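K.L.:
My questions all concern the structure below.
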Amino acid sequence: MRERAILVCATAAKLGDSYCSLAWGAKLAAESDPATAAALLLRQMPAALNARERALARWAGQMVTDPNAISAAGMSSLRDAGLSDPEIFDATVFVAFRLAFSTVNDALGARPDAQLAAAAPALVRDAVSYGRDVASARCFER
């Protein structure tokens, strides 16, 4: 769960997706601590991440920014951090799925709801200054 949360937080932060950043930032905070989650959501590399986790966070960011620019060296950095080829494939497919999910949410105007934001630690909430604002109860009125 921790590695998945790192992948989603790195992806959502780079993409500017507030909904997934709040949801998965809370999960990463529970798996590590709020400061680690907040740093990753601020597009920083938290000191608390091990080499494998740092490589996964960088990989997710590269996939969002420019997947065509990923080279054999990029793959080597994942292997050097201890990931096997099947793990690299799994992480890549997982990030691609999260990118698709975020794209659907963003295209349909999904906004994080107040309960989601309230459930996230304050450091996580404060780190998410991008994307759509937290929805109020009135946003669903027509």
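K.L.:
Need at least 1 residues that are among the small types (Gly, Ala, Ser), at pLDDT below 95 and surrounded by fewer than 21 Cβ atoms within 10 Å (Cβ to Cβ) per element, so show me which helices (runs of 4 or more DSSP H) inside the range 1-46 make the cut, counting only ones lying wholly within it. Steps first, answer last, please.
P.N.:
Numbers: elements: 2-15, 18-31, 34-41.
By residue number, no helices (runs of 4 or more DSSP H) qualify.
K.L.:
Which one of Ser71, Ser84 is hydroxyl-bearing (Ser, Thr, Tyr) and closer than 20 Å to Arg4 by Cβ? Even if it seems obvious, please write down each step before you answer.
P.N.:
On the way: Ser71 fails: closer than 20 Å to Arg4 by Cβ.
Unique residue meeting the criteria: Ser84.
K.L.:
Counting only residues that are among the aromatic types (Phe, Trp, Tyr) and outside any loop (DSSP other than H, G, I, E, B), which one in the range 88-142 is modelled with the lowest pLDDT?
P.N.:
From the range 88-142, those among the aromatic types (Phe, Trp, Tyr) are 89, 94, 97, 101, 130, 140; that's our starting set.
Checking the rest, the ones that are also outside any loop (DSSP other than H, G, I, E, B) come to 89, 94, 97, 101, 140.
On the way: Phe89: 96, Phe94: 97, Phe97: 96, Phe101: 93, Phe140: 42.
That would be Phe140.
The values are calculated or read from the model by the stated rules, or taken from the named source; none is laboratory data. What you are looking at is a predicted structure, and each value in this text was computed from that prediction instead of being measured. Note: ideal-geometry Cβ built from the backbone for every residue, glycine included; neighbour counts use all protein chains shown.
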